[in-house]
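To start, the structure under review is shown below, and the notes come after it.
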Amino acid sequence: METFKSNISNLDFPVSEKITGNTIRKTIFDFIKLEHPKFARTQLLSVSELNRYRQKYLENVLLKEAGELSTLETDVLQSIENQELITANLLDDTNVQNTYGQRLADKVATFGGSWRFIMIFGVFILIWMIINIIFLATKAFDPYPFILLNLILSCLAALQAPVIMMSQNRQEEKDRERAKQDYMINLKAELEIRTLHEKIDHLIIHQQQELLNIQQIQVEMMEDILKKFKE
């Protein structure tokens, strides 16, 4: 297999990975020169080395913008380097093992915030009042103004409120996790778009050079034909 030697690492790579400095975007080329000042436009490097410097360049951009890489940004850069999908590691509610208390809190919050609960409790209060006013008018166990009923309602509200708050706190934690995941996906999309622009620029420059070489060859062929005609 035909190989070439990289002017950066002095290692041999397949010719299919050969890239000249002329085809590298200026920002990436300048970034490479920070580490290898003697690297010139006419020298060679491999695609894998170029991708490595692209990765370093993206990390340097994030450092300049944020001052310090957070855990989320580090995970995004790692996923780009490993060519992994962030969505493959997103939080899946089906894989989360909730405790009995958490499941109970969710059920209480769901039932307590429904029209079914309002109607059932309204019917219960109405029956309570009818029994104590009409059927047990002389021997009511909770005569008007229904002190026992008020006590039950107060106890129910006192117990129901913290249970609903527990469920809401868990939901807020899930929302924060989803917001982090959205940020990671958006950040990765932005970095991938920057890399894609750089690759497209590299491809255009490479094609332009190929076209110039073809035109040069055609001009040389035309000159040879003209020389033969003159002879």
Quick one: how many residues across region 6-34 are under 12 Å from LEU50 (Cα atoms) and assigned to a strand (DSSP E or B)? 3
Looking at GLU190, GLU177, which one is within 30 Å of ASN22 (Cβ to Cβ), within 25 Å of the chain's Cα centre (by Cα) and surrounded by 10 or more Cβ atoms within 10 Å (Cβ to Cβ)? GLU190
Within region 99-129, of all residues that are surrounded by fewer than 14 Cβ atoms within 10 Å (Cβ to Cβ) and among the small types (Gly, Ala, Ser), the one farthest from LYS174 (Cα to Cα) is GLY122
Filtering region 1-14 down to residues that are among the aliphatic types (A, V, I, L, M) and at pLDDT 80 or above yields ILE8, LEU11
Report whether or not ILE19 is within 24 Å of LEU187 (Cα to Cα), outside the structural domain of GLU192 (by TED's automatic domain parsing) and among the hydrophobic types (A, V, I, L, M, F, W, C). no
Failed condition for PHE141, given (1) part of a helix (DSSP H, G or I); (2) modelled with pLDDT of 80 or more, with all others met? (1)
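The values are calculated or read from the model by the stated rules, or taken from the named source; none is laboratory data. Computed from a predicted model, the values in this text were never measured in an experiment. FYI the Cβ positions are ideal-geometry reconstructions off the backbone, even for glycines, and counts take in every protein chain you see.
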